[in-house]
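Student: Next up is a structure, given as structure tokens.
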Amino acid sequence: MSTFTKPRLIGISGSLRQNSFNTAILASVAADIADRAVLEIVPLNDIPLYSEDIDTATPPHAVVRLRAAIANADGVVIASPEYNYGISGVLKNALDWASRPYGKSAFNGKPVLTATSSVAFTGGVRAQAQLTETLGAIGAHVLIRPQIVVPAVHEKLKDGKLDHATLGFVRAGIDDLLKAVQANRAVLKAAA
Ligand SMILES: Cc1cc2nc3c(=O)[nH]c(=O)nc-3n(C[C@H](O)[C@H](O)[C@H](O)COP(=O)(O)O)c2cc1C
């Protein structure tokens, strides 16, 4: 990680749905911040269901790629739907893979910004606690800040772009994430 290059963020969507609102939020944010950071969306489509039987010294390729993408990123943005008051199984499964081998979580020390969205007026807020708790368990530096919750998300995305007000709301979280990334870089530079 260079001190001078643009921060490299990855985006993880908790939805595999082709027209996912959560993935669209990440894409909209990526375009919005392109002048000051790179945000690449890492799809979870090929991640198999977790089993210790296949979590060997040679794990599935998609898992190798996911772990490397997280480990090499300066920061992570997670956008998840709420499924039955929790995060999606797809996202939890990916976090479980990323957390292993034990003690070597790809998320160790990684600044992470979380967001939820839903077509409901609650915006997925009930999934936030689970997401924060799991990320804490796997060593991530979850940004503790006002939660990014996007209710009635279907009304806030037009042609794949978030409306001005919602984008501003999410951008404030990205600003905080980039501050955490800079602070991490300063610590790494001091330690070098
Ligand atoms: C299995 C399932 C459970 C859901 N449970 C909730 C829920 O508890 N709360 C909520 O606000 N929306 C719930 N929804 C609606 C999703 O939040 C909504 O479909 C959302 O748009 C999915 O995100 P996506 O557009 O990124 O795929 C549920 C949807 C599914 C398929």
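Student: Extension gain A68-D175, at 0.36 nm per residue separation less the Cα-Cα distance, in nm?
Tutor: Stretched fully, the A68-D175 segment lengthens by 36.1 nm.
Student: Before rounding to the nearest 500, sum -39500 (n - 2.57) across all DSSP H runs of length at least 4 in the chain and divide by the residue total; then give [θ] at 222 nm in deg cm²/dmol. Please report the intermediate quantities before stating the final value.
Tutor: On the way: 5 runs with 75 residues, N = 192.
The helix contribution divided over the chain gives -13000 deg cm²/dmol.
Student: Another question, if that's okay. Over all directions, average the projected area of the Cα convex hull of segment 8-191 and note it in nm². Before the final figure, lay out the partial values.
Tutor: On the way: hull surface 41.8 nm².
Taking a quarter of the hull surface, the average projection is 10.4 nm².
Student: Let me ask something else. Amide H of I148: which non-local residues (sequence gap of 5 or more, or other chain) have their own amide H closer than 5 Å, using H built in the peptide plane?
Tutor: T116
Student: Computed FRET efficiency, Cβ-Cβ of E52 and K158, R0 45 Å: what is it to the nearest 0.05?
Tutor: On the way: r = 44 Å, r/R0 = 0.99.
Efficiency, rounded to the nearest 0.05: 0.50.
Student: Cross-chain or 8 or more residues apart, Cα under 25 Å: how many lysine pairs in the chain fit that? Count them up, please.
Tutor: Within the chain, the lysine pair count is 12.
Student: Oh, and also: Using the C-alpha gyration tensor of segment 100-163, what are the square roots of 5 times its eigenvalues, in whole angstrom, with the largest one first?
Tutor: Numbers: eigenvalues 155, 30, 19 Å².
Semi-axes (√(5λ), whole Å): 28, 12, 10.
Student: Moving on. Taking N as the number of residues in segment 1-100, what value does Rg over Cα atoms divided by 2.2 N^0.38 Å take? Let's see the in-between values first.
Tutor: On the way: Rg = 14.2 Å, N = 100, 2.2 N^0.38 = 12.7 Å.
Computed over Cα atoms of segment 1-100, the ratio equals 1.12.
Student: Charges only on Cβ, +1 for Lys and Arg, -1 for Asp and Glu: so what's the dipole of the chain about the Cα centre, in debye to the nearest 20?
Tutor: Details: 19 positive and 16 negative charges, 95 e Å.
Using Cβ point charges on Lys, Arg, Asp and Glu, the chain gives about 460 debye.
Student: Still on this structure, I have one more. Over what distance in Å are the Cα centres of segment 50-68 and segment 150-192 separated?
Tutor: When both Cα centres are located, 29 Å separates them.
Student: Now a separate question. How far, in nm, would the chain grow between Q182 and A137 when pulled straight, counting 0.36 nm per residue and subtracting the alpha carbon separation?
Tutor: Gain on stretching Q182 to A137: 13.9 nm.
Student: Still on this model: Report, in order of residue number, the helices in the chain meeting two criteria: a C-alpha extent of 18 Å or more along the helix axis, and a mean Kyte-Doolittle hydropathy of at least -0.5; treat each whole DSSP H run as one helix.
Tutor: Span-like helices, by this rule, are 125-137, 164-191.
Bear in mind these aren't lab numbers, they're just calculated from the coordinates by the rules spelled out. Computed from a prediction, not measured in an experiment: that's the story for all the values here. Don't worry about glycine lacking a Cβ; one is built from the backbone with ideal geometry, like all the others, and counts go over all protein chains shown.
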